[in-house]
Structures are given as C-alpha cells and as structure tokens.
Amino acid sequence: EIAKLPKETLALWEKYGADESDDKESFQKSFIRHVTTTLARSIYNIDNFSAYQATAHSVRDRLIKRWNETQQTHTEVDSKRVYYLSLEFLLGRSLDNALLNLGLKDNYGGGIKELGFTMEDVLEQEVDAALGNGGLGRLAACYMDSLATMDYPAWGYGLRYTYGIFQQRLKDGYQIEFPDYWLNFDNPWELPRLDVVVDVQFCGSVNRYTDEEGHERYAWEGGDTLQAIAYDVPIPGYGTKNCINIRLWSSKPKRQFDLTRFNEGQYEQAVYEQMQAENITAVLYPNDNHMVGKELRLKQQYFWVAASLFDIVRRFKKSEKPWSNFPLQVAIQLNDTHPTLAIVELQRILVDLEGIGWDEAWAIVTQTFAFTNHTILPEAMERWPVPMIQYLLPRHMQIIFDINLFFLQKVEKAIPNNRDLLAKLSIIEESTPQFVRMAHLAIVGSHRVNGVAALHSELIKQTIFKDFIQFYGESKFENKTNGITPRRWLHQANPKLSELITETLGSKNWLKNLDLLKGLKSHVNNKDFRKRWVAAKLSNKVRLADYIQKATGVTVNSNALFDVQVKRIHEYKRQFMNILGVIHRYNTLKKMTSEERACVVHRVVIFGGKAAPGYYIAKLVIKLINSVAEVVNNDNSIEDSLKVVFIPDYNVSVAEIIIPASDISQHISTAGTEASGTSNMKFVLNGGLILGTVDGANIEICEEIGDDNIFMFGNLAHQVDDLRHAHR
Ligand code: NBX
C-alpha cells in the first residue's frame, strides 16, 4: 500500500517524521510546547510538578518513536519473541531511568536549569509505579530493562492495577495502610491502546457437539463477558534503540450500560455490574510469599492470561505460519505459578477453537512454556478449589482433568504400580473439596522449570518437586540465578560511584558488561581512587541522613556505621532476630563506661519494609522495632553510639536512596527459606558489605567476592530441619 503513495507524500512523511533532535535547545522547545499545549499552563503558573510533566512528555515523545520503530522492525523480521507473564512489575520511577538509557540526561539537565528548575526537584515529583510486592515484581522490572538493553524482542504482560501496593504510614509505631491511587494525575509512561480490546469470558457452561468431520468437540458458551483494554508501557534499553513493551490490561464492562435495566429503573443494578467488571484490575493483592484463596484473585489471573494469550496468538497468526512453528516463534516464561492458567488456555485455544488434535496441541503447549519457581514455603503454594474453577472456568476445569489423566497415565506406564507416586504427582489434590495444585500443572505444562539461585534450584529438586524427578529425571529442572540491572541500581542510584568507575575503566562499557568491573582490581591501592570511593559513600550517607531526618524526624550522624535491613517484613527474613540483636547491643552499651564506649564504632540501625495488612506477627515486629527505637534514640546516656530508625513506606525510589548509603546490610533468612534475594546484589554492587546467612544468592555472592568481603554465619540449610526437629 505504501508503495502506491505518490513520491511527494512519502517525502512529506519522511521530512516531518524525522527524529526530533536531542540537544538542549530542542528539549527546551519541546518542554515549553508541552507546558503550553499538553498542560495548558504558562510561565506564570508552572510549578515543579508541571515541570516534571513537561519533561516527561518530552521524553515520552522520543520513547514512543523508538518504541514504534522497534515494534515495526520486530514485525518485519518476525523473529521469535519472548513473553514474560508477570502479575507484578515493580517499576518505580521512569523519568531518570529513561533520561539515562536514552542518553539525554546531560542535555536535559542543563536545559531545565536554564528554564528555572533543577533536575533533582523535577525527578522528585514522580510517583512510583508500584505494581508489585517485592522481589518477584522488581525482578520482572529488572528483566525488562536487561532484555531491552540486550536487544531482545521481548514483551511483558501484566495487569494495570488502579491501586498499587499500599502506602505505609506509622501511627504510634504501628503500620497503617493507605490506598496507592497512583493514577491520580496523568501517567505519561503509558500509552492507552483503546483500539486493542479483548473479550474475556467467565462462567457459563460447556456443550459437547460433533463437528462436520465427525469429531467430538466442546464449546464454552454463555456466562459473562468482560473487556480487557491494553495500556502499553515502553521500556527503553540502555545505549540501544531497542525499546520493548509491557502490555498491562485494564478491565471494563463489555456493555457500557444495560439500557433495558436503565429504562426499567434498575439503575443501581446496572451501575453495580459495571463496577464489578472494573473491580477485576482494581487492586494488587498485597501478600508476598503467601497464598490467599480469594475468588477475585483467580479472576485476575484468568482475565490477564486470556487477554495476553489472545494477543500473542493473534500476533502469531498474522505471520501465517503453520501451528507447528508456534514454539519456534513464541517463548512464554511464567513468573511463578500466577499465570499457570495460560497453559490451559493455550491448550483450549488450540483444541477447541483451532481444531487441533489433543496430542499435537499439547506438544506445542509444552514446548512454548517455561516456569520459574520463587519459593519453597508451603504457605505460598498456590492451590485453587476445584469447585471455584469449575464455576468460573468450566471448560478449563475439564481440560485440567484431562491434562492430569494423560499425565498420570504416562507416569503409570513409566513407573507401574506405584499409587503412592501417582497421588503425590497428581495435579489434583484429593481432599474435600479437591484442589488444583498450580505448581504441578506448571511443571507438567512446561519444558523447563527453574529455581532462582543455585541453592534454591537444588532444594526444589530435593523437596517440593522431588517426586517429579523420579518421572522426568533432573534435566527438566535447572538453575537461573537472579540478577539486577546495574543501570538503575548503580548508574542511576549512585551517580558519583558510577562516574568514578567509568573514569577509572576509561569507558561506560561496564554498564552493558558487568564483568568489566574486574578492571577496578588493579586500582584498589590507588590513593586517589580510594579517596573518591569513600567520598562517594559519604555523600550517599549524607543524602540518606537527610532523608531519614525528613521521613522520621530522627537525626543521625553520617559518620556512623549504617547497618541496614530493608525488605518485606516476614518471619522467615528474621527482622525479629535483628531487633533482638539491637536490644542486646543497647544493653551492652548501657553497661559500658564513657571511655569504653568511645572505642565503639557508632552505629545507625536502619529498618524498612511493608508487612502484609493481614500478617499480624509481621506488623507486631514493626511495632517492636519502633518501640525499641523510641527507647534507644531518647537515651542520652549512650551518647549517640546507637540509633535505630524505621523508614516508612519502603519502595523502589526509597531503595535508590538507601542502598548506595549502606555500610553493612543484613540478609539473614533461615537457611533454605530465601529463594534468592536480589537486594543483596544491589548492596554489594554499591560497595556495601553483607551480613548474611548461608542462603539464596548470598552463597554465590560470597563465591564471587571472596569470604573476606562478606560476613556469613549460622546453620546450613540441611541442618535446619534437624534442629527444628530437635527443638520440638
Ligand atoms: O522472589 C521473592 C523471593 O522471596 C526472593 O527470594 C527472590 O529473590 C525473588 C525473586 O526471585 N518472592 C516474592 O517476592 N514473592 C512475592 O512477592 C509473591 C507475591 C504474591 C504471591 C506469592 C509471592 N502470591
């Protein structure tokens, strides 16, 4: 079609479609244009927030161009795409990250200053996109940055929650929760795709029929239909034009209004149904590592999975390749068991809608999916009651029973006469009511299963998935140790250290290849290098001390040792043990003379993290920390040798302030319980020391940095069970 257009038309498109320049003047022009047209403001009524919005819109213009070109290229090349299905993307702020990844920071920083603002003030205005709980959600966000940077044709699929993770405030030392209505102001980092709409069905019934060729087929009919609307979030890579996409779905009722009901005077009922539909993507469930079997959560999972698979299949069908090519074109990674219904949904699409035979379809499905496990804690394992799935997704329940039947038949054939094994491997838990074990379904429907650190990947083979090894052997299970993006967690969060590293190594290449940091080794005895290293740390500590003052009212000394534990509050993470240690330290200091105390390194113990709103013990630990802080901080007799602070509302942008300022951070989970941990990597990357147990990725970090750079203690995972037993 394009070829048919007259030359002059093409020339016009080319001329006016050329990239806007990235120099200072072009930014200033676009900034002022956005102030006056996008925001309808002027020099007389622009504040820091509008300056942020105008800057963001200027960046967004450039992002969208890259995003468009990337997607066009991927469509033309029709390369294999990787899809990351995650119920959580904990992105945090976007402006600074986009400026750095696009290489705009210097010109924009200079430009904004001349217009009467400072970049720091402007960046401060952005609210976090907090569509995640903790490690799992932040991992998804880091992976998207890395996939973009490494030029992968990747897509993320998730939900556009109206409310992200709650905001935490403290009242009398107790956590209280406030809704995170993050879309209150316009969100420049998303592109509403009001044209990308997918129908999603719930409930109804299944009818069996015979098709023209005499095959027995099943039709899922009736029930309610909702709509999923796509919102696209562009993710720019660092030092590349590649800009990938996270597609977040928002739920809407299919009919805007039921006019009959309206005319019959049932106005409230009509509005109520509309609200029910919008409810599906209203709120992120605030529990980490804990299964809460709410029906709405299951509805979220299917809504998201159905819309995403429809989209993926539609894209595949455009290429008109045979179905057998599907796994060559599409890889789908399941972030935990939350998207496991995708396995069932793809089988349903292939068998019921595309008319492909069961076995052929199942081969396509299993070659397409791979599954990441993030925990071995029993209370986190997803199980859904069979009656609940039967009611919401009647056809899916049938397919799950069939998947299970054929799977168990294979097991029986390979390992005959072992009923015990069949019961242990079954996707269905034979209780009253029956339950669907989502991890079992995910394993059976995937060609690979991975844990997230070496120890964890070994433990899943020895514990929760032990019985599967008997049938599959070991090769299906592998390790993929987690990682973090050094762009956000060093370059962006710690500009001074980043600059020192770049100058010392002579290039920024390390930002794409972290192994190059080894080059710093030959400088460790260089006086000037060491001086600048320490100066960077001190200035980060001053920045954190200021933040602590603002957030808690407590004054801390930047020259004291900063001892940090920031993560979700959980019994297995043992913040309780840490605070007991603080109490002991306080008692010891109190018994000392002034002279003795003068020999002790002053210490600020910093806590941060949210407790799930229904997690009583975790909330009590927060209260305990604050009560200890109250006593310690107001006791003049210990002469500032110890301070304790709980920083409220720990989130990605607070982490960016805390992590670069840490001297020692604590990662002290009971051995075998923390699958990986990822903040441990962030602290180490910023030159912090770790106090840790022999757990998760601590072990591999220790191997990398050497045991003289880390303080490891405690029992090993295999000893813990025996100890627990001995204590009973
Ligand atoms: O995933 C975390 C693990 O606890 C960490 O050890 C690991 O480093 C990280 C990334 O692999 N898990 C986690 O954050 N889980 C959740 O947030 C979660 C949320 C909802 C849910 C279950 C778990 N239903």
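The values are calculated or read from the model by the stated rules, or taken from the named source; none is laboratory data. Small disclaimer: the values here were computed from a predicted structure and weren't measured. So basically every Cβ, Gly included, is an ideal-geometry build from the backbone, and we count neighbours across all protein chains shown. Ligands, DNA and RNA are stripped out before the accessible areas are found, and what is left, the full protein with its side chains, is counted by its heavy atoms. Shrake-Rupley method; radii C 1.70, N 1.55, O 1.52, S 1.80 Å.
Taking each residue of segment 88-104 that is farther than 30 Å from P339 by Cα and looking for partners that are within 16 Å of the ligand (Cβ to nearest atom) and assigned to a strand (DSSP E or B) with beta-carbon atoms closer than 7 Å, six or more apart or interchain, yields nothing.
For segment 127-135, indicate whether the set of residues that are open to solvent by less than 30 Å² (accessible area, probe 1.4 Å) and over 24 Å from V82 (Cα atoms) is non-empty. Looking for residues that are open to solvent by less than 30 Å² (accessible area, probe 1.4 Å) and over 24 Å from V82 (Cα atoms), one finds at least one in segment 127-135, hence yes. On the given criteria, is I583 crowded, with 19+ Cβ neighbours inside 10 Å and either at pLDDT 95 or above or not in a helix (DSSP H, G or I) (or both)? When the stated conditions are applied, I583 does not pass them. Segment 14-124 holds helices (runs of 4 or more DSSP H) entirely within its bounds, and those carrying 3 or more residues that are open to solvent by 30 Å² or more (accessible area, probe 1.4 Å), out of contact with any helix residue (DSSP H, G or I) (no Cβ under 6 Å at 6 or more places or on another chain) and of a type outside the set (D, E) map to 24-33, 48-77.
Given the criteria under 22 Å from D311 (Cβ atoms) and without any contact (Cβ under 8 Å) to a residue 24 or more places away in the chain, does G214 qualify?
No, not satisfied.
When D195 is tested against (1) touching a residue at least 12 places away in the same chain (Cβ under 8 Å); (2) closer than 30 Å to S94 by Cα, just one condition goes unmet, and that condition is (1).
The residue of segment 148-179 that is most open to solvent (accessible area, probe 1.4 Å), among those that are within 16 Å of the ligand (Cβ to nearest atom) and of a type outside the set (S, T, N, Q), is Y163. Taking residues in segment 114-141 that are under 12 Å from Q53 (Cα atoms), and partners anywhere that are more than 9 Å from the ligand (Cβ to nearest atom) and modelled with pLDDT under 95, the pairs with Cβ atoms closer than 9 Å and at least 6 places apart or on different chains are V127/N184; V127/F185.
Restricting Y267, Y285, Y302 to those that are farther than 30 Å from N97 by Cβ and open to solvent by 10 Å² or more (accessible area, probe 1.4 Å) reduces the list to Y267.
Taking segment 629-728 and the strands (runs of 3 or more DSSP E) fully enclosed by it, the elements with 2 or more residues that are closer than 24 Å to A141 by Cα are at 664-667. Within segment 506-524, being open to solvent by 70 Å² or more (accessible area, probe 1.4 Å) and part of a loop (DSSP other than H, G, I, E, B) holds for K508, K512, V524.
Given the criteria within 26 Å of L497 (Cα to Cα) and surrounded by 22 or more Cβ atoms within 10 Å (Cβ to Cβ), does G672 qualify? In short, no.
Selection of segment 281-298 for residues being within 11 Å of the ligand (Cβ to nearest atom) and small (G, A, S) yields only G293. Where strands (runs of 3 or more DSSP E) fall wholly inside segment 315-409, no range has 2 or more residues that are away from the ligand (no atom under 16 Å from the Cβ) and open to solvent by 10 Å² or more (accessible area, probe 1.4 Å). The listed residues are L341, L328, and the only one of them that is within 27 Å of the chain's Cα centre (by Cα) and over 28 Å from L136 (Cβ atoms) turns out to be L328. When Q301, Q269 are checked against the criterion of being among the polar types (S, T, N, Q), over 23 Å from L194 (Cβ atoms), within 15 Å of the ligand (Cβ to nearest atom) and out of contact with any Pro (no Cβ under 6 Å at 6 or more places or on another chain), a single residue qualifies: Q301. When only residues in segment 680-700 that are in contact with a strand residue (DSSP E or B) (Cβ under 7 Å, 6 or more places away or on another chain) and under 20 Å from L497 (Cα atoms) count, which is nearest to the ligand (Cβ to nearest atom)? Here the answer is N680.
Scanning segment 557-580 for residues that are assigned to a loop (DSSP other than H, G, I, E, B) and hydrophobic (A, V, I, L, M, F, W, C) returns A560, I569.
The set of residues in segment 440-454 that are within 14 Å of the ligand (Cβ to nearest atom), surrounded by fewer than 24 Cβ atoms within 10 Å (Cβ to Cβ) and not in a strand (DSSP E or B) contains only A454. Filtered by the rule that a residue be touching a Lys or Arg at 6+ places or on another chain (Cβ under 9 Å) and either open to solvent by less than 30 Å² (accessible area, probe 1.4 Å) or over 22 Å from L538 (Cβ atoms) (or both), segment 683-715 gives N686, G688, T693. Note on segment 455-485: residues that are surrounded by 21 or more Cβ atoms within 10 Å (Cβ to Cβ) and assigned to a loop (DSSP other than H, G, I, E, B) amount to 4.
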